[in-house]
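Worksheet: the structure to be examined is printed underneath.
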Amino acid sequence: MSLTLVNSGKVRELYAVGDDRLLMVASDRMSAFDVIMAEPIPDKGRVLTAMTVHWLDVLSDLAPSHLITADPAGMPAEAAEVGDIAGRAMLVRKADMLPIECIVRGYLAGSGWKEYQKSGTLHGMALPTGLQQADRLPEPMFTPSTKATEGHDENISYDQAVDLVGKELASAARDLCVEAYRRAHAAAEEQGIIVADTKFELGIIDGRLAICDEVLTPDSSRFWPADQWQPGTNPPSYDKQPLRDWLENSGWDKTPPPPSLPPEIVTETSERYIAGYERICGKRLADWYGAKG
Ligand SMILES: Nc1ncnc2c1ncn2[C@@H]1O[C@H](COP(=O)(O)OP(=O)(O)OP(=O)(O)O)[C@@H](O)[C@H]1O
Ligand SMILES: [Mg+2]
């Protein structure tokens, strides 16, 4: 039997394994300003996978997850067709995915900050006046979006999320994601990192709401170094800053093709990802599957 590619995203490939399982493979591809760089970032796929597995473990008493295993020894034989995926792959249960992205924001950044500047609201909910960019919100807020198959996801109100998934699921998703965010924020804060916001994707497995997709990675979250957080300014993102700075200074107009990256930027970015994992999760990447000895 061979694997069927069911989705190729900007960063990951998804293969069907029989009817009820998926093989999710994180590549080393790096996107910046929504464009994929030509050069892979060594170990990025392993970092994304190791982080997801770390957080699913931390959150395991809160909700079930889709993860079956990330251990290469537990992969189906056909996984060998995909090449060397040790440490970059997760075998997961296929879920009936909710058609929303479950974003939780603890700080005012990105599209949330843009909306607030325009209307004083966040996803239509009123906020105190006088907040600055990157300010901490009074409470973490559930700010869902649609899952666009093309183009950008669209922010929606809680009521629109209810229209899409029903009252019961919307409220269960909100409660689960806000609590998961609180726990992650508290854990990362102890390591000097702020989780400004993050996106969860939930699905139904065996009739239960389960955490799916990637979890609390730099690709699905805004991580800020706490010592560089200064309301009124846009804090640097922990992982992408060296790359973004270089790209900004390169004169590139942010449309494909991207400029080719100097080796030191590739190395620095890879080291950032690894350091982020080791700092936030308190583990060593060398101890994760797929380490080159
Ligand atoms: N356990 C699961 N069962 C079924 N689908 C899942 C599961 N976990 C994640 N998914 C879905 O798999 C897909 C993963 O796609 P991926 O994130 O790699 O690319 P994308 O979302 O199409 O594009 P982008 O690169 O912009 O993220 C998403 O549609 C996600 O909702
Ligand atoms: Mg995705």
Tally the residues that are touching a helix residue (DSSP H, G or I) at 6+ places or on another chain (Cβ under 7 Å) and within 16 Å of ligand 2 (Cβ to nearest atom), restricting the search to segment 16-31.
5
Do any helices (runs of 4 or more DSSP H) entirely within segment 102-210 hold 2 or more residues that are among the acidic types (Asp, Glu) and under 20 Å from the mean Cα position of the chain (by Cα), and if so, which?
167-189
Restricting segment 173-211 to residues that are without any contact (Cβ under 8 Å) to a residue 12 or more places away in the chain and away from ligand 1 (no atom under 16 Å from the Cβ), which is surrounded by the most Cβ atoms within 10 Å (Cβ to Cβ)?
ASP175
I need the full set of residues from segment 1-15 which are surrounded by fewer than 15 Cβ atoms within 10 Å (Cβ to Cβ), within 14 Å of ligand 2 (Cβ to nearest atom) and in contact (Cβ under 8 Å) with a residue 24 or more places away in the chain, in order please.
LYS10
Across segment 32-51, what is the number of residues that are under 24 Å from GLU278 (Cα atoms), charged (D, E, K, R) and out of contact with any helix residue (DSSP H, G or I) (no Cβ under 6 Å at 6 or more places or on another chain)?
1
Output the residues belonging to segment 132-159 that are touching a residue at least 40 places away in the same chain (Cβ under 8 Å) and among the acidic types (Asp, Glu).
ASP135, ASP153
Could you tell me whether TRP224 is crowded, with 16+ Cβ neighbours inside 10 Å and in a strand (DSSP E or B)?
yes
GLU214 being in a strand (DSSP E or B) and either without any contact (Cβ under 8 Å) to a residue 40 or more places away in the chain or not aliphatic (A, V, I, L, M) (or both):
no
Please list, ordered by first then second residue, the pairs with beta carbon atoms under 7 Å, 6 or more apart or interchain, first in segment 246-275 and in contact (Cβ under 8 Å) with a residue 40 or more places away in the chain, second assigned to a helix (DSSP H, G or I).
THR269/PRO242; THR269/LEU243; SER270/LYS44; TYR273/LYS44; TYR273/VAL47; ILE274/VAL47; ILE274/LEU285
Going by the conditions given, is ASP71 more than 20 Å from the chain's Cα centre (by Cα) and either on the phi < 0 side of the Ramachandran plot or not charged (D, E, K, R) (or both)?
yes
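Bear in mind these aren't lab numbers, they're just calculated from the coordinates by the rules spelled out. Quantities reported herein were computed from a predicted structural model and do not represent experimental measurements. Every residue, glycine as well, gets a Cβ built from its backbone with ideal geometry; the counts of neighbours run over all protein chains shown.
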